[in-house]
1. Taking a 1.4 Å probe, which of TYR127, TYR106, TYR163, TYR62 shows the most accessible area, and what order do the others take after it?
2. Hey, what number do you get for the chain at 222 nm if only DSSP H runs of n ≥ 4 count, each worth -39500 (n - 2.57), divided across all residues, to the nearest 500?
3. Need one number: % antiparallel among DSSP beta bridges in the chain, to the nearest 5.
4. Taking the Cα centre of the chain as the origin and placing charges on Cβ (Lys, Arg +1; Asp, Glu -1), which of GLN142, VAL201, LEU105 is farthest toward the positive end of the dipole?
5. Using θ = phi - 60° and the Karplus form 6.51 cos²θ - 1.76 cosθ + 1.60, what ³J(HN,Hα) does each residue of the range 82-92 get, whole Hz, x for Gly and Pro?
6. Counting only the heavy atoms of the protein chains, how much of LEU58 is accessible to a 1.4 Å probe, in Å² to the nearest 10?
7. 5 Å is the cut-off here: which amide hydrogens, built 1.01 Å from N in the peptide plane, fall below it relative to ASN97, excluding neighbours closer than 5 in sequence?
8. Counting every Cα pair in the range 117-214, what percent are over 18 Å apart?
Amino acid sequence: MKIDFVSDIVCPWCAIGLSALEQAIERVGPSVPVSLHFQPFELNPDMPPEGQDIGEHLAQKYGLTPEQVAANRELIRQRGEGVGFTFRMAQRSRIVNTFNAHRLLYWAGERGGDAQHRLKKALLGAYFTEGQDPSDAAVLLQVVAAVGLDEGRARQILDGDDYTEAVRERQRFYAQHGIRAVPSVILNDRHLIQGGQPVEVFEQALRQVAAAEG
């Protein structure tokens, strides 16, 4: 089964959704073999290089009060804990631009195996758990090296414009197909599941699609 996971690395519900999906894949086991692909989506494509204070950003974009922000953070922390993902909200103070991270993820997808998956998980952890800035080239290179990918090649990508148009094309493709929110999980190019759903929801969908499509 082909699974396209459309998401951003600064989206907390994407971290929750991925962890839940991984557990669902484990539950269905080898009876439903899957190939998982990560597709780019920028929550804030116009975010400047210096980023923006999170509280200011959430108030500006969603009209949230500080009390609502605090309540949402606690909900996210609990949901993350339930699927084994650690959010350390206090260490994360800014929303940042993620385009370069998506370029590296696209490159990692060409490496084959689980390279893209490993990089995606590491980037989510760097931002949400460690409070690092994934718009910083030094952070991106550190994460690339930590997951065993070629740091030198990653540096070349960041210093140039490799994969820029490829990422833009993927973003346009999913926008044209109605993807406006993430995570969006697409099974076999036809079945859409949106949001950071519980493990059981993903498991049921995997089993149903596998049974229906053989």
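The values are calculated or read from the model by the stated rules, or taken from the named source; none is laboratory data. On a predicted model such as this, the values are computed, not experimentally measured, just so you know. Note that each Cβ is placed from the backbone with ideal geometry, even for glycine, and that neighbours are counted across all protein chains shown. Side chains are part of the model used for accessible areas, which takes the heavy atoms of the whole protein and leaves out ligands, DNA and RNA. Shrake-Rupley method; radii C 1.70, N 1.55, O 1.52, S 1.80 Å.
1. Numbers: TYR127 5, TYR106 75, TYR163 45, TYR62 125 Å².
Accessible-area ranking of TYR127, TYR106, TYR163, TYR62, largest first: TYR62, TYR106, TYR163, TYR127.
2. Numbers: 9 runs with 113 residues, N = 214.
Value at 222 nm, helices only: -16500 deg cm²/dmol.
3. Close to 60 percent.
4. Looking along the dipole axis, the top candidate is VAL201.
5. Along the range 82-92, the couplings run x, 10, x, 10, 9, 9, 10, 4, 5, 7, 10 Hz.
6. Its accessible surface works out to 40 Å², give or take rounding.
7. GLY51
8. The calculated P(r) of the range 117-214 puts 64 percent of pairs beyond 18 Å.
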